[in-house]
1. Apply the Karplus curve 6.51 cos²θ - 1.76 cosθ + 1.60, θ = phi - 60°, to the phi angles in region 32-38 and return the couplings in whole Hz, x for Gly and Pro.
2. Share of region 15-60's accessible area from carbon and sulfur, percent, 1.4 Å?
3. Based on Cβ point charges of +1 for Lys and Arg and -1 for Asp and Glu, what charge dipole magnitude is obtained for the chain about its Cα centre, in debye rounded to the nearest 20?
4. Where does region 25-70 land on Rg(C-alpha)/(2.2 N^0.38 Å)?
5. Would you calculate, for the chain, the mean residue ellipticity at 222 nm contributed by helices, counting each DSSP H stretch of 4 or more residues as -39,500 (n - 2.57) and dividing by all residues, to the nearest 500?
6. What distance in nm lies between label points placed 7 Å from Cα along the C-beta direction at THR7 and ASN61?
7. Just flag the GluC sites (Glu not before Pro) in the chain sitting in loop per DSSP whose Cβ has no more than 15 other Cβ atoms within 10 Å.
8. Give me the accessible area per residue for the chain, probe 1.4 Å, as a whole number in Å².
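The values are calculated or read from the model by the stated rules, or taken from the named source; none is laboratory data. Small disclaimer: the values here were computed from a predicted structure and weren't measured. Counting neighbours? That spans all protein chains shown, and the Cβs are built from the backbone with ideal geometry, glycine included. Each accessible area value is taken on the protein alone, full model and side chains, heavy atoms only, with ligands, DNA and RNA left out. Shrake-Rupley method; radii C 1.70, N 1.55, O 1.52, S 1.80 Å.
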Amino acid sequence: MPEISYTIAKMKCQGCVDTISSTLQKIDGIELVDVNLESRAIKIRLDSSEKKSDLENALQNIGYPAIVNS
């Protein structure tokens, strides 16, 4: 199961965390969404790496562009 982590520079409050979490949990194939406000990081576990572009598009569409952490 692929795991991806992102930095979300625009994430600044608990409302941001809630919006991001609820949006990502609606995507099929997401097994884990861990959003950390303090570090502005998101960890996501997927059932397939093919979903990566879906995640990035979803984040972009709600106004939270993501930077992939290596």
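1. 8, 10, 10, 10, 10, 5, 4
2. 36
3. Values: 8 positive and 10 negative charges, 58 e Å.
The dipole magnitude comes to about 280 debye.
4. In units of the globular-protein estimate, region 25-70 measures up at 1.10.
5. Only helices count here, giving -9500 deg cm²/dmol.
6. 2.6
7. Passing both the DSSP loop test and the Cβ count: GLU38.
8. Value for the chain: 60 Å² per residue.
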